[in-house]
Amino acid sequence: MATQIQEATRTLKTHDDNGDDEQTTIIVSYDPATGEEVGRVSVASAAEVGQAVESARAAQKAWGALSYAERGRVVLRAREIVLAEMDAIAGLISRESGKPATEALMMELVPTLDLMNFFARRTGRLLRTERIDIGQYGLMGRSSRVVYKPLGVVGIISPWNFPWAIPLGEVVMSLMAGNGVVLKPSELTPLIGRKLGEVFHNAGLPEGLLTIVTGEGATGAALVEAGVDKIMFTGSVATGRRVAEAAARKLIPCVLELGGKDPMIVFADANVEAAAQAAVWGAFANAGQACASVERCYVHEEIAEQFTARVVELTRALKQGVGGHEGTDIGAMSSERQRDIVEAQLRDAVAHGARVLAGGGRGENANGSFHQPTVVDKVDHTMELMREETFGPVLPLMTFQTEEEAIERANDSPYGLTASVWTNNIRRGERVAERIEAGTVMINEVLYTHSIAQTPWGGVKLSGIGRTHGRAGLLELVAAQHIHVNRLARLPDLWWFNYTPRAAELFRGFARRFTSGSILQTSLLLPQMMRRLMERRRR
Ligand code: NDP
């Protein structure tokens, strides 16, 4: 028996003695900081993905019939398990993705523990039946309400950068909305995906309701084809397009949470120290591999020198190392493939005149896929570094003179996920925020709002379609059903057959008076309505 490890896919295929491929393909998961193996999982075939969807559909029937409180109890039990195991889970996240365990605790576990609490207790209220004001139709004894029903089975495809927080939030919301779930985690972080499934299994979630299908891109593609009712996809623009195309062919809806090139604007009246610290955290947390990382920073020229000096000083003081070691600020990047992209963008920028002020290379930790936190200036919008998502620890700085110029630069991007504005003048901050093309704009804050379960998350332009989190996110996971009641059932409607001359005259009256929205105007139609009623009675 021979084996072959392919670094790019981390897939280990087994061959028999004749050199033929054996049936099972497994993924070997490595610690990107040390190269050590973390564990192995098998790749789910298309047939297995199909079975997972069928099982979820069967289990969903009873689950969807439970009350929100009953579903919430399971989620809260899962939350207790996460709490009891939080250090072990943070350690696993750190080993599989390269990030510091401390950061995993704060950026992945704390937000999801909060999210579980919120949706376990509040989903019923957020999805309660809504009465709709139907205007003058109400005067005719009619009423309308909207009830929210589960979709059925939701397919979730998630990335490697927040391998716990992103899928867990969507799993919890889908389950609370009454759905079954099949989750395909990234091939780079399959063990975390599997751990997530284990937590819910141990919490007593009905068998088959949630399945984790580990695998590569093909497994994700199979999930889109497997007959789910909706796809929640988080990942790159390129894959998002493929998923959207496949979903369109199946005529199923999808939410796409895609990349970002998020700008930070620092006005002259901002608190320079706070803004500099925020820029450094916003650009380098998770080794810059966050969709909402600060990827472009525009500083007013009056404070540029002071701000830049402080950013460089803070960056140089960061400790980079293995994520499990205490005191590590920045870990390894999650893959060499991603580091290659960062290096290529930096090389291109430097070749076109950018200046490296801090970092710029792989640093001392040559064994793992590390890249130093890097600050550059003398950049412009012709450079790939300022146009394409970098998704790595690079902070490019540019200056501006006027508010108008800052807004123009921020909007000069095909992406629109988040943005941040720094100023002591909140009114100006809000004015600027409303003109920025992004799903979320923070004033005097960076990066962290994905952690606020109550608020909608999602982008505009190439950053995606649809929302996760908050009520807007829950509404993506349910079917809104309109129920309309006519309490005056004995009276035939005035617009039913036959279309006599008297009917035509009344309909003209409807067009003029009823649609004006005025009860008084409509009441002037009463004699005509009575005549039409008598006419219909004589039929
Ligand atoms: P990818 O697009 O490469 O992959 C995302 C997921 O899709 C993975 O599970 C991947 O599997 C799977 N996949 C790959 N090919 C297909 C296919 N043809 N059909 C269905 N699924 C497929 O993204 P990354 O994992 O590299 O994540 C990084 C990207 O995610 C960045 O662009 C980042 O900005 C974005 N992102 C967006 C967020 C947001 O909320 N807007 C949040 C976090 C990240 P596999 O890994 O096995 O190839």
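Assuming a viscosity of 1.306 mPa s and a temperature of 10 °C, what translational diffusion coefficient in µm² per second does Stokes-Einstein assign to segment 187-269, Rh being the Kirkwood radius over Cα pairs? Kindly include the intermediate steps, with their values, before the conclusion.
Working: Rh = 15.1 Å.
The diffusion coefficient I find is 105 µm²/s.
Would segment 291-374 count as rounded, prolate or oblate if I go by the C-alpha gyration tensor, calling it rounded below 1.5 in a/c and otherwise prolate when a/b exceeds b/c, oblate otherwise? Let's see the in-between values first.
On the way: a/c = 2.06, a/b = 1.35, b/c = 1.52.
In terms of gyration-tensor shape, oblate.
Determine the shape class of the chain: with a ≥ b ≥ c the square roots of the Cα gyration tensor eigenvalues, call it rounded for a/c under 1.5, and otherwise prolate if a/b is greater than b/c, oblate otherwise.
Details: a/c = 2.41, a/b = 1.47, b/c = 1.64.
The shape class here is oblate.
Antiparallel versus total DSSP beta bridges in the chain: what percent is that, nearest 5? Don't jump to the answer; show the numbers that get you there.
Details: 34 of 70 bridges.
Taking every DSSP beta bridge within the chain, about 50 percent pair in antiparallel fashion.
So, with a 1.4 angstrom probe, what is the percent of accessible area on the chain that is carbon and sulfur? Walk me through the intermediate numbers first.
On the way: 12340 of 23900 Å².
Percent of accessible area from carbon and sulfur atoms in the chain: 52.
Nearest 10 degrees is fine. How inclined is helix 46-65 to the longest principal axis of the chain, computing both from alpha carbons?
Tilt relative to the chain: about 50 degrees.
Which order, highest average first, do 175-182, 471-478, 236-243, 270-277 follow once you tally other Cβ atoms within 10 Å for each residue and take the mean per peptide? Please list the in-between numbers first.
On the way: 175-182: 27.2, 471-478: 20.5, 236-243: 16.4, 270-277: 18.4.
Ranked by mean Cβ neighbours within 10 Å, highest first: 175-182, 471-478, 270-277, 236-243.
Roughly how many debye, to the nearest 20, is the charge dipole of the chain about its Cα centre, given +1 on each Lys and Arg Cβ, -1 on each Asp and Glu Cβ, and no other charges?
On the way: 59 positive and 63 negative charges, 940 e Å.
The dipole magnitude comes to about 4520 debye.
To the nearest µm²/s, what D does Stokes-Einstein give for segment 169-325 at 4 °C and 1.567 mPa s, using the Kirkwood radius over alpha carbon pairs as Rh?
Approximately 69 µm²/s, per Stokes-Einstein.
May I ask you to give the solvent-accessible area per residue for segment 247-354, in square angstrom, as obtained with a 1.4 angstrom probe?
That works out to 39 Å² for each residue.
Roll a 1.4 Å probe over the protein chains and send me the accessible area per residue for segment 362-408 in Å².
Details: 1950 Å² over 47 residues.
Here the per-residue accessible area is 42 Å².
Under Stokes-Einstein, with the Kirkwood radius over Cα pairs standing in for Rh, what whole-number D in µm²/s applies to segment 23-74 at 20 °C and 1.002 mPa s? Mind showing how you got there, number by number?
Values: Rh = 14.3 Å.
Rounded, D is 150 µm²/s.
Using a cut-off of 11 Å between beta-carbons, work out the net charge of the residues near VAL199 (Lys and Arg +1, Asp and Glu -1, VAL199 not included).
Working: positive: ARG77, ARG79, ARG194, LYS195; negative: GLU80, GLU85, GLU198.
With Lys, Arg at +1 and Asp, Glu at -1, the net is +1.
Quick one: accessible area per residue over segment 423-527, 1.4 Å probe, rounded to a whole number of Å²?
On the way: 6210 Å² over 105 residues.
Result: 59 Å² of accessible area for each residue.
Please list the three semi-axes, largest first and in whole Å, of the ellipsoid equivalent to segment 324-373, using sqrt of 5 times the eigenvalues of its alpha carbon gyration tensor. Walk me through the intermediate numbers first.
Values: eigenvalues 99, 34, 12 Å².
Listed largest to smallest, the semi-axes of segment 324-373 are 22, 13, 8 Å.
The values are calculated or read from the model by the stated rules, or taken from the named source; none is laboratory data. Source: prediction; values computed, not measured. Note that we place each Cβ from the backbone using ideal geometry, even for glycine, and neighbour counts take in every protein chain shown. The area values use the complete protein model at the heavy-atom level, side chains included, leaving out ligands, DNA and RNA. Shrake-Rupley method; radii C 1.70, N 1.55, O 1.52, S 1.80 Å.
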